[in-house]
Amino acid sequence: MAAQEPVGDGAETARVSLLYDPKVRALVAQVALILLVIWLGYSMVNNTLVNLEKQSIASGFGFLGTTAGFSIAPTLGTFIVDYAEESSYGSAFYVGLFNTLLVAFIGIILATIWGFILGVARLSNNWVIAKLSTVYIETLRNIPLLLQIFFWYFAVLRSLPNPRESVEFGANIVLNTRGLFMPRPLPEAGFGWVSIAILIGLVGTFFMRRWAHQRQESTGEQFPVFWTSVGLIVGFPILVFLVLGMPLDWQIPELRGFNFRGGMVIIPEFMSLLLALVLYTATFIAEIVRAGILAVSHGQSEAAHALGVRSGPTLRLVVIPQALRVIIPPLTSQYLNLTKNSSLAVAIAYPDLVSVFAGTVLNQTGQAVEILLITLAVYLTISIVTSVLMNWYNAKMSLVER
Amino acid sequence: MKKIILPVLFGMAAMGVSAPSASAATLDDVKAKGFVQCGVSQGLPGFSNTNDAGDWTGIDVDVCRAVAAAVFGDASLVKYTPLSAKERFTALQSGEVDVLSRNTTWTMSRDTSLGLNFTGVNYYDGQGFMVRNSLGVTSALQLDGASICTNTGTTTELNVADYFRANNMDYEVVAFEKADEVVQAYDSGRCDVYTTDASGLYAQRLKLTNPGEHSVLPEIISKEPLGPVVRHGDDQWLDIVKWSLNAMINAEEMGVTSANVDDMRNGDNPGIKRLLGTEGAFGEAIGVSNDWAYNIIKQVGNYGEIFEANVGPDTELGISRGVNALWTNGGLQYAPPIR
Ligand SMILES: N[C@@H](CCC(=O)N[C@@H](CS)C(=O)NCC(=O)O)C(=O)O
């Protein structure tokens, strides 16, 4: 920048030594900085290895293949991985990973829905609804999440009955201190066709929507897109299912000895962690949604009304699309927060990644450096993937702007 | 702003290069700071627990006090770090504590691959099960299908898996990081069974709403030799901790107690004279003063005394000496001679 400015006579500028050339100086400084960072990283890794060796602490990743020998509470992770005590530490890692992904995924969906409801409610013209929402948001937002997790866990536990006095909801669904038990679907021969029907329904819906959109663009005629979609995705597979003579059996949970066995179970640790994460994160999402809606100028809805558009479509077609552009970026950080906060699971024995892998496995093997590195890498990856997806969605939403 | 970035980076690099190394002499560090930093549990009555006055007491705490008495001649020069089962080894490895005395089971993998060394056994234990009386269970073999609450990062988790597999029984394990949450969860009915070291069961039972409604099953399913641990690679410090415990066991065997130690010191039993430092230079050999064991026994007591005071029949825990009796009384407590 400054180098181009002719100060005084031009001849002098040309003679300025390299030492004072800002461009050269900047380049040298940056190269030096990069070298320094590389050397720093190298010396840290090297130091760790030397010191581990000196203290005779085992290192390397070989432990992932050895037998774990401990048991993990029944969860989606143990089901997918088919985990048992003879499984390896590597399988225990996957159990933790799936459990973390499960609670984060469901948590994000529910927190988004609940957050949108709360955010809209806080802006409601109905005084009671607006105030209720305000009080809820301000209270839950300001209580530490860990306390809320403990509260829900022990509140849930203390109010549930023991297995012999389980609450029965009919349809073989029962609830007690050990969890919510449900029949487990056992697909029989022919059930594959139902899955194919669902797939056909999804693809069909995609094309139907495109067609309906184009038709509306050219002719202005509307098509019942929503109900047709429901018919295709839900109705059609059910029809196939019935035609094939219902190729599905159910494994019913039954009380044997101490507890219900068979069927599927959602353990109380999962329920309370999910509940706490959703109720807490939704308060932040609600504020983001409120800010987003307030950011859309009132003139927009007035203009829509003036054109004769009803309130529902105004919100759906005019306000929300514009609000989303403001909402999505901060929403992404809430999703990341929820995912990272799910590691508080360790406090209430939900077997997530931190509890199983950075907890039990770390303690049984003592390989803290390797295990924490893997754990960090996993959270980093989840966060980056979430951000990338949200940025893509954000870009897509901004394009709608004309 | 820019001016400080480079020096800071250089500083970080320099720190990276001179990361603390393991071979530093713990004794010198301890003397320099003036106290022993001791890793204990987060509250296990009888082993390491704070009393009403806020002071740490227990049989594990007394090991730390014995080490301080040996090093400084003053058993009170100890600072305590409460650690969960999960945190304890990292805390010792990283130098946060000088000695770990926290109902920790001596196993081969912990002794060999964690960069740690066990220095002896101050309590021989074994894993047991506790259940509600209302379940009507009288043997661990009736526990098929039970839910079991326990601590993560313990030998307990592994033993229970072995036991149920060996006996072909189903179970569901609910593993918490902190012992208090295990107690609460068991108390609120999440589990049918609470399992940990038998001594721990008696201690934790005191924290339940109605201790009388729970009992410990007769089966002991594992060996849990509990003892103090130090970092690998500092033999002098290892010797100090090891012999502080041995001195207490030897003292009991010789009949030396905190009450009679002054009289005994003037007696002429050569074994006792060596123990109490009036003959030989055993203290100097491990880098402390020769009256090291005298200070331990005078200020902390012999092994029998610390057992009786913390976990014995007259305490809340009411545990009898059993396998923890001296070898001369049919137990396992046996210390090599001071000679
Ligand atoms: N001796 C076993 C178990 C030790 C353990 O952590 N026991 C629990 C239950 S008795 C405990 O000490 N809790 C007290 C605390 O965490 O502060 C081991 O070394 O792995």
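Those strands (runs of 3 or more DSSP E) of region A:247-312 in which 2 or more residues are closer than 22 Å to A:Val135 by Cα and of a type in the set (Lys, Arg) are absent. Mind listing just one residue for me: the one in region A:147-199 that is closer than 28 Å to A:Ser343 by Cα and among the hydroxyl-bearing types (Ser, Thr, Tyr) and, of those, surrounded by the fewest Cβ atoms within 10 Å (Cβ to Cβ)? Among them, the one singled out is A:Ser159. The residues in region B:55-104 that are more than 14 Å from chain A (Cβ to nearest Cβ) and among the hydroxyl-bearing types (Ser, Thr, Tyr) can be counted, and the count is 5.
Considering only region A:231-249, I want to know if a residue exists there that is surrounded by 12 or more Cβ atoms within 10 Å (Cβ to Cβ), of a type in the set (A, V, I, L, M, F, W, C), at pLDDT below 85 and more than 18 Å from A:Gly192 (Cβ to Cβ). No, region A:231-249 contains no residue that is surrounded by 12 or more Cβ atoms within 10 Å (Cβ to Cβ), of a type in the set (A, V, I, L, M, F, W, C), at pLDDT below 85 and more than 18 Å from A:Gly192 (Cβ to Cβ). Evaluate the following for A:Ala306: is it more than 14 Å from chain B (Cβ to nearest Cβ) and modelled with pLDDT of 90 or more? It is true that A:Ala306 is more than 14 Å from chain B (Cβ to nearest Cβ) and modelled with pLDDT of 90 or more.
For region A:118-237, the helices (runs of 4 or more DSSP H) that sit wholly inside it and include 2 or more residues that are over 27 Å from A:Leu315 (Cβ atoms) and among the small types (Gly, Ala, Ser) are A:145-159, A:191-219.
The sole residue among B:Val174, B:Val183, B:Val131 that is surrounded by 23 or more Cβ atoms within 10 Å (Cβ to Cβ) and touching a helix residue (DSSP H, G or I) at 6+ places or on another chain (Cβ under 8 Å) is B:Val174. Residue pairs whose Cβ atoms lie under 7 Å apart, sitting 6 or more positions apart in sequence or on different chains, and linking a residue in region B:215-228 that is closer than 19 Å to B:Leu135 by Cα to a partner that is within 10 Å of the ligand (Cβ to nearest atom) and small (Gly, Ala, Ser), are B:Val216/B:Ala198.
If the requirement is being touching a Ser or Thr at 6+ places or on another chain (Cβ under 7 Å) and of a type in the set (Gly, Ala, Ser), which of these qualifies: B:Gly283, B:Gly267, B:Gly255? The unique qualifying residue is B:Gly283. When B:Gln42 is tested against (1) under 26 Å from B:Ser199 (Cα atoms); (2) more than 16 Å from the ligand (Cβ to nearest atom), just one condition goes unmet, and that condition is (2). Of all residues in region B:255-270, those that are surrounded by 12 or more Cβ atoms within 10 Å (Cβ to Cβ) have Cβ atoms under 9 Å from Cβ atoms of residues that are among the polar types (S, T, N, Q) and assigned to a loop (DSSP other than H, G, I, E, B), 6 or more apart or on another chain, in B:Gly255/B:Asn302; B:Val256/B:Asn302; B:Thr257/B:Asn302; B:Ser258/B:Asn302; B:Val261/B:Asn302; B:Met264/B:Thr257; B:Arg265/B:Thr278. Examine region A:367-374 for a residue that is over 22 Å from the mean Cα position of the chain (by Cα) and at the interface with another protein chain (Cβ under 9 Å from one of its Cβ atoms), and state whether such a residue exists. Scanning region A:367-374, I find at least one residue that is over 22 Å from the mean Cα position of the chain (by Cα) and at the interface with another protein chain (Cβ under 9 Å from one of its Cβ atoms), so the answer is yes.
Can you name every residue in region B:72-127 that is within 12 Å of the ligand (Cβ to nearest atom) and at positive phi? Across region B:72-127, the qualifying residue is only B:Asn103.
Residue-wise test of (1) assigned to a loop (DSSP other than H, G, I, E, B); (2) surrounded by 13 or more Cβ atoms within 10 Å (Cβ to Cβ); (3) touching a Lys or Arg at 6+ places or on another chain (Cβ under 9 Å); (4) free of Cβ contacts under 8 Å to residues at least 40 places away in the same chain.
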{"site": "A:Leu52", "(1), (2), (3), (4)": "no, yes, no, no"}
{"site": "A:Ser59", "(1), (2), (3), (4)": "yes, yes, no, no"}
{"site": "A:Phe70", "(1), (2), (3), (4)": "yes, yes, no, no"}
{"site": "A:Tyr83", "(1), (2), (3), (4)": "yes, yes, no, yes"}
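The residue of region A:345-366 that is surrounded by the fewest Cβ atoms within 10 Å (Cβ to Cβ), among those that are under 17 Å from the mean Cα position of the chain (by Cα), within 11 Å of chain B (Cβ to nearest Cβ) and assigned to a helix (DSSP H, G or I), is A:Val354.
The values are calculated or read from the model by the stated rules, or taken from the named source; none is laboratory data. For clarity, every value in this text was computed on a predicted model and none was experimentally measured. Reconstructed Cβ throughout: ideal geometry from the backbone, glycine too, with neighbour counts over all protein chains shown.
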